[in-house]
Each structure stands twice: as C-alpha cells, then as structure tokens.
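J.: Got a structure for you, questions after.
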Amino acid sequence: MTDLKERLSAGEKTLAVLSAALDHSRFSDIVAATGLPKATVHRVLATLIATNFIAGDGERGYGAGPALLSLSGRALSSVDITDVAAPIVDRLVAEVDCTVHVGVATGSEIVYLIRRDASKPYQMKSRVGHGMPLHCTGMGKAVIASWPEERVAELASRVGLPARTPQTITTLDALRAELARVRARGFATDLGENEFGTVCVSAGIRDHTGAVTHGLSISSIELEHPGTSIEQFADAAIAAAAEISRLVGSPA
C-alpha cells in the first residue's frame with residue numbers, strides 16, 4: 001500500500017509539473033504554480049524533457065514537446081463531435097425553442113449530423129445524413145467564410161452556385177461580399193436562400209486544429225421569424241458553437 005501511495009504521489013507531481021509547464025514558460029513560475037520544491041520540479045522537468053513531453057530549458061523557456069503534441073492530436077482526432085455537441089444542442093433548443101442543427105462540411109456540401117426540433121407544430125425538412133450546398137445555407141456560409149479567396153473561387157467554379165430559390169446567391173462577387181459580411185459579424189444567415197420560407201442563423205465550429213469544419217444553426221420558418229428577426233439568436237448560436245469548439249479542443 002505504501003508503494004502504491006508513493007507511485008500515485010509521484011504521478012501527481014508529474015502531472016502537476018506538466019500542467020504548470022504548459023501554462024508557464026519560466027522555471028520559477030512553474031515552481032510557484034505547483035508549490036513543489038525546486039529540486040523536485042527540476043527532476044520532474046528533466047524526465048518530461050527526456051521523454052519529449054516537454055521541450056525547452058531554463059533559458060529559452062518550456063512548452064509542449066513533440067510526444068505530448070502527438071498524443072494530444074491522437075486523442076482530439078478521435079473525439080466524436082456529435083457526442084460532444086448533443087447536450088449543448090439540447091440546452092440551446094430549450095433556450096430558443098427553435099430547431100437546431102449541427103453539420104459538417106464536405107467537398108461542396110454541409111451534411112447534417114444533428115437535428116433537434118423545437119416544441120412547434122411544424123418541423124424542418126432537413127434530416128440527419130442529408131447534404132445541402134455550402135453557398136446557400138447558413139452553416140455552409142459560416143464554414144466557407146473562413147476559407148481563403150482562392151478556395152471559395154474554386155468551389156464556385158466547381159459547383160456553379162446553383163439557385164435553389166430566388167434568394168440564392170449565384171455569383172462569385174455576391175458570395176464574396178456575403179462572406180465578408182459573415183466574417184465582420186461573426187455569424188451567417190439563410191433567409192430563404194436554400195428553402196423557400198425557412199430561415200436560420202448560424203455560427204462556425206472549429207476542430208482541434210482551429211479550422212472551421214462544422215457549423216451550428218438555429219432554424220425557424222419565415223412566418224414566425226420574418227425579415228431578419230432570426231438574427232436575435234445570433235449570440236446564442238455563436239456561444240453554443242464556441243462551447244462545442246472548446247470541448248473538441250480548438251485552440252482558437
């Protein structure tokens with residue numbers, strides 16, 4: 001039992017030093033953060049550096065090493081975003097009483113991964129597993145607003161920006177202007193551009209690399225939320241998307 005306690009104590013010290021070294025680059029700050037003796041911190045740091053979990057030294061400062069980065073990447077890449085997002089989506093639906101979607105961007109579509117309906121007598125036509133064009137959906141525009149100009153142009157050339165309703169953006173110049181607006185406001189809208197009479201406000205979700213790969217939308221019908229009134233839920237969409245991003249390990 002004594003040996004077990006000693007092993008656990010050593011493990012706890014190692015985790016404390018590792019955690020402190022990720023927040024503080026200077027040796028003295030790591031010592032202060034852990035509350036451990038300098039000799040103990042020095043010994044643990046030496047082990048972490050030797051095993052590549054921590055990189056650096058007392059002069060250059062300390063930070064994450066290649067072994068830790070590799071381990072973190074493997075762990076984060078295995079996270080199922082639907083499991084992470086589900087409780088946040090459920091809470092959001094209860095808050096706004098609108099349908100909430102989460103989708104993932106593919107080559108030219110946003111594919112629905114989650115759909116949670118509100119307590120309304122109507123339902124959206126969307127369904128999990130179904131893909132819709134990036135250029136005319138709120139979630140799609142929230143994603144491609146993070147893309148460089150040349151990638152947006154390639155998408156427009158490849159898919160042709162087909163019209164789905166009279167409100168659909170169908171030219172590259174108009175799409176560029178819309179994406180600039182999305183970036184400035186931090187959210188995207190679909191005001192009947194993908195499906196007549198349906199509106200939504202959306203925000204991008206970042207993965208563990210910081211890239212915007214998914215989107216979250218709060219959707220309703222135009223009869224209930226006419227004009228741009230769906231934008232009243234923009235802050236809620238942004239906050240929920242940011243929470244999901246944080247939980248899947250986004251650095252941004």
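The values are calculated or read from the model by the stated rules, or taken from the named source; none is laboratory data. Since the model is a prediction, treat every value here as computed from it, not as a measurement. When we count neighbours, we look across all protein chains shown, and the Cβ atoms used for this are built from the backbone with ideal geometry, even at glycine. Note: accessible area is taken over every heavy atom of the protein model, side chains too, but ligands, DNA and RNA are not part of it. Shrake-Rupley method; radii C 1.70, N 1.55, O 1.52, S 1.80 Å.
J.: Quick one: in segment 110-125, which of the residues that are within 14 Å of Asp190 (Cβ to Cβ) and more than 16 Å from the chain's Cα centre (by Cα) is surrounded by the most Cβ atoms within 10 Å (Cβ to Cβ)? Let's see the steps before the verdict.
T.: Taking segment 110-125 first, the residues within 14 Å of Asp190 (Cβ to Cβ) are 110, 112, 124-125.
Now restrict to residues that are more than 16 Å from the chain's Cα centre (by Cα): 124-125.
On the way: Met124: 21, Lys125: 7.
Checking each candidate, the answer is Met124.
J.: Separate question: Going by the structure shown, is Gly210 in contact with a strand residue (DSSP E or B) (Cβ under 9 Å, 6 or more places away or on another chain) and in contact (Cβ under 8 Å) with a residue 12 or more places away in the chain? Outline the logic, then answer.
T.: Working: in contact with a strand residue (DSSP E or B) (Cβ under 9 Å, 6 or more places away or on another chain): no; in contact (Cβ under 8 Å) with a residue 12 or more places away in the chain: yes.
No; evaluated as a whole, the condition is false for this residue.
J.: Tally time: how many residues in segment 121-135 are part of a loop (DSSP other than H, G, I, E, B) and in contact with a helix residue (DSSP H, G or I) (Cβ under 8 Å, 6 or more places away or on another chain)?
T.: Going residue by residue through segment 121-135, those that are part of a loop (DSSP other than H, G, I, E, B) are 121-130, 134-135.
Applying the additional criterion that residues be in contact with a helix residue (DSSP H, G or I) (Cβ under 8 Å, 6 or more places away or on another chain) yields 134-135.
Residues meeting the conditions: 2.
J.: Given the criteria buried (at least 17 other Cβ atoms within 10 Å of the Cβ) and of a type in the set (D, E, K, R), does Arg181 qualify?
T.: no
J.: I would also like to ask the following. Among the listed residues Tyr122, Tyr112, which satisfies the condition of being aromatic (Phe, Trp, Tyr) and either at pLDDT below 90 or closer than 21 Å to Gln167 by Cα (or both)?
T.: Numbers: Tyr112 fails: either at pLDDT below 90 or closer than 21 Å to Gln167 by Cα (or both).
Checking each option against the conditions leaves just Tyr122.
J.: Another one. So, in segment 136-150, how many residues would count as being part of a loop (DSSP other than H, G, I, E, B) and surrounded by 19 or more Cβ atoms within 10 Å (Cβ to Cβ)? Write out each step before concluding.
T.: So in segment 136-150, the residues part of a loop (DSSP other than H, G, I, E, B) come out as 136-137, 145-148.
Still in the list and also surrounded by 19 or more Cβ atoms within 10 Å (Cβ to Cβ): 136-137, 145.
Count: 3.
J.: Given the criteria open to solvent by less than 50 Å² (accessible area, probe 1.4 Å) and part of a loop (DSSP other than H, G, I, E, B), does His101 qualify? Talk me through it step by step, then tell me what you get.
T.: On the way: open to solvent by less than 50 Å² (accessible area, probe 1.4 Å): yes; part of a loop (DSSP other than H, G, I, E, B): no.
So His101 fails the test.
J.: State which residue is surrounded by the most Cβ atoms within 10 Å (Cβ to Cβ) when the search covers only segment 208-252 and only residues that are β-branched (Val, Ile, Thr) and assigned to a loop (DSSP other than H, G, I, E, B). It would help to see each step written out before you state the result.
T.: The initial filter retains those residues of segment 208-252 that are β-branched (Val, Ile, Thr), namely 209, 212-213, 218, 221, 228, 230, 238, 244, 248.
So of that shortlist, the ones also assigned to a loop (DSSP other than H, G, I, E, B) come out as 209, 228, 248.
Numbers: Thr209: 13, Thr228: 12, Val248: 21.
Across segment 208-252, the extreme among qualifying residues is Val248.
J.: Residues to consider are Ala85, Ala94; find the one that is open to solvent by 60 Å² or more (accessible area, probe 1.4 Å), over 19 Å from Gly192 (Cα atoms) and either of a type outside the set (Ser, Thr, Tyr) or in a helix (DSSP H, G or I) (or both).
T.: Values: Ala85 fails: open to solvent by 60 Å² or more (accessible area, probe 1.4 Å).
The conditions single out Ala94.
J.: Now for a different question. Among the residues of segment 71-87, is there at least one that is at pLDDT below 85 and within 30 Å of Leu161 (Cα to Cα)?
T.: Within segment 71-87, the subset at pLDDT below 85 is 71-81.
Still in the running and within 30 Å of Leu161 (Cα to Cα): 81.
Within segment 71-87 (the criterion being at pLDDT below 85 and within 30 Å of Leu161 (Cα to Cα)), the answer is yes, since at least one residue qualifies.
J.: Let me ask something else. Of all residues in segment 47-70, how many are at pLDDT 85 or above and exposed (fewer than 12 other Cβ atoms within 10 Å of the Cβ)?
T.: Qualifying residue count for the region: 2.
J.: Taking the residues in segment 151-175 that are in a helix (DSSP H, G or I) and in contact (Cβ under 8 Å) with a residue 24 or more places away in the chain as candidates, determine which candidate is surrounded by the fewest Cβ atoms within 10 Å (Cβ to Cβ). Lay out the reasoning, then the answer.
T.: Kept after step one, since they are in a helix (DSSP H, G or I), are these residues of segment 151-175: 151-159, 172-175.
Add one more test, that the residue is in contact (Cβ under 8 Å) with a residue 24 or more places away in the chain, and what stays is 152, 155, 158-159, 175.
Details: Val152: 18, Leu155: 21, Arg158: 10, Val159: 14, Leu175: 22.
The qualifying residue surrounded by the fewest Cβ atoms within 10 Å (Cβ to Cβ) is Arg158.
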